[in-house]
Amino acid sequence: MYDALTLGAAMRRREFITLVGGAAAAWPLGARAQQRGNLRHIGILLNAKQEKAVISPVLQGLEQLGYTDGKNITIEYRDADGQYGRLQEAADDLVRLKPDVIFSFGGEQAPFAKSATATIPIVVVVSNDPVESGLVKSLGRPGGNITGLTYVHDMLAGKSVELLREVMPQVSRVAILWNPNHADPEFRETQKAAGTLGVQLQSLEVREPKDFDGAFQAALRERAEALIVIGSRLIFLNRKQIEDFAEKNRLVLVGVPSWLIDAGALLTYGPNVSDLLRRASTYIDKILKGARPSDLPMQQPTTFELVIDQKTAKKLGIVVPPTLIARADKTIE
């Protein structure tokens, strides 16, 4: 039988072994927690989860710059589940996580990110005019905590009318579908181009979903031969209505947004969105390395794509000039 002294020594040895073993087991957990704490945090604001696929060029760009989610960065997503009214809640929730930088895709989302924080750097990619919408002070000197890229570029001004005229030289009555609440110079520049080319342009304004039926009826009354579409969130969400209307009435559909091709457009001419998103990753990188958004000018598109759908052309009985096809970046047969 052990005496009290021997028993006490044995107990002390067990306690020591337990303490050392516990520390050894706890150390990896502590190290992992510390490692997570050293990661840079990126917050991404989306309107809906499905947009993750759209912004994949941003993530690819970050990987090419040496950033890997879970290794040296962590990425947190917040979205409004496709409900515009929940965007502020999603933006506020993202800000509470205190990320090092926030990325926001879409002109409609960006103002919610801006109202959620005046200190966390924000990188945006927007289809509207960031100056006209009040997002930044100027393209060259954004000011504040926001910078990024915009689709808006002078090269797009009136291009839809010019291309339409090449495909349909005799066209004279063209309707243009647009949302006045979407700050964008495209409508007024298209007006100028139409006037120069002698094309009668009919304005179809839509500010909410219920406006589309009235706009379509107005186009029919004026016997529009073609429909130019200016992209916005509202118009994108109602693209099926646009597709059905154009197909039913055999209207030639053209515009800037690349998604318009999937809605039955004959052609689109606009910025390479994937390129814009990849370039956004370089701004995220600069900010993570200490740059201030106010010192990073808002960038504009540098590459543009002309896409022609020959299947739609055949369906409408239109022969696209070979010279135009030769200039196309992509043709759908």
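Any residue in the stretch 209-224 that is of a type in the set (S, T, N, Q), assigned to a helix (DSSP H, G or I), open to solvent by 20 Å² or more (accessible area, probe 1.4 Å) and over 24 Å from residue 272 (Cα atoms)?
Taking the stretch 209-224 first, the residues of a type in the set (S, T, N, Q) are 217.
Those left that are additionally assigned to a helix (DSSP H, G or I): 217.
Checking the rest, the ones that are also open to solvent by 20 Å² or more (accessible area, probe 1.4 Å) come to 217.
When the remaining residues are screened for being over 24 Å from residue 272 (Cα atoms), the result is 217.
Yes - at least one qualifying residue is present in the stretch 209-224.
Within the stretch 178-202, track down each residue that is farther than 25 Å from residue 135 by Cβ and not in a loop (DSSP other than H, G, I, E, B).
Of all residues in the stretch 178-202, those farther than 25 Å from residue 135 by Cβ come to 193-202.
Those that are farther than 25 Å from residue 135 by Cβ and not in a loop (DSSP other than H, G, I, E, B): 193, 194, 195, 196, 197, 200, 201, 202.
In the stretch 72-98, of all residues being part of a loop (DSSP other than H, G, I, E, B) and in contact (Cβ under 8 Å) with a residue 24 or more places away in the chain, the one that is least open to solvent (accessible area, probe 1.4 Å) corresponds to 80.
State whether one or more residues within the stretch 259-268 are of a type in the set (D, E, K, R) and more than 30 Å from residue 61 (Cα to Cα).
Initially, the stretch 259-268 is screened for residues of a type in the set (D, E, K, R), giving 262.
Narrowing further to those that are more than 30 Å from residue 61 (Cα to Cα): none.
No, that holds for no residue.
Looking across the stretch 46-69, the residues that are without any contact (Cβ under 8 Å) to a residue 12 or more places away in the chain, open to solvent by less than 80 Å² (accessible area, probe 1.4 Å) and more than 15 Å from the chain's Cα centre (by Cα) come down to 66, 68. I want to confirm something. Restricting to the stretch 152-173 and keeping residues that are outside any helix (DSSP H, G or I) and in contact with a helix residue (DSSP H, G or I) (Cβ under 7 Å, 6 or more places away or on another chain), which single residue is nearest to residue 203 (Cα to Cα)? Looking at the filtered set, the residue picked out is 158. Scanning the stretch 99-157 for residues that are buried (at least 22 other Cβ atoms within 10 Å of the Cβ), β-branched (Val, Ile, Thr) and within 19 Å of residue 188 (Cβ to Cβ) returns 126, 150, 152. When 161, 136, 171, 167 are screened for being farther than 26 Å from residue 225 by Cα and hydrophobic (A, V, I, L, M, F, W, C), only 136 passes.
Of the residues 313, 326, the single one that is surrounded by 19 or more Cβ atoms within 10 Å (Cβ to Cβ), out of contact with any Gly (no Cβ under 7 Å at 6 or more places or on another chain) and among the small types (Gly, Ala, Ser) is 313. Pairs meeting the criteria (first residue in the stretch 290-312 and without any contact (Cβ under 8 Å) to a residue 60 or more places away in the chain and under 19 Å from residue 151 (Cβ atoms), second residue part of a loop (DSSP other than H, G, I, E, B) and open to solvent by 50 Å² or more (accessible area, probe 1.4 Å), beta carbons under 7 Å, at least 6 apart or on different chains) are 305/329; 307/329.
The values are calculated or read from the model by the stated rules, or taken from the named source; none is laboratory data. Note that this is a predicted model, so its numbers are computed, not measured. Positions of Cβ are generated from backbone atoms using ideal geometry, with glycine treated the same way; all protein chains shown enter the neighbour counts. When the accessible area is computed, the model is the full protein with side chains, heavy atoms only, and any ligands, DNA or RNA have been set aside. Shrake-Rupley method; radii C 1.70, N 1.55, O 1.52, S 1.80 Å.
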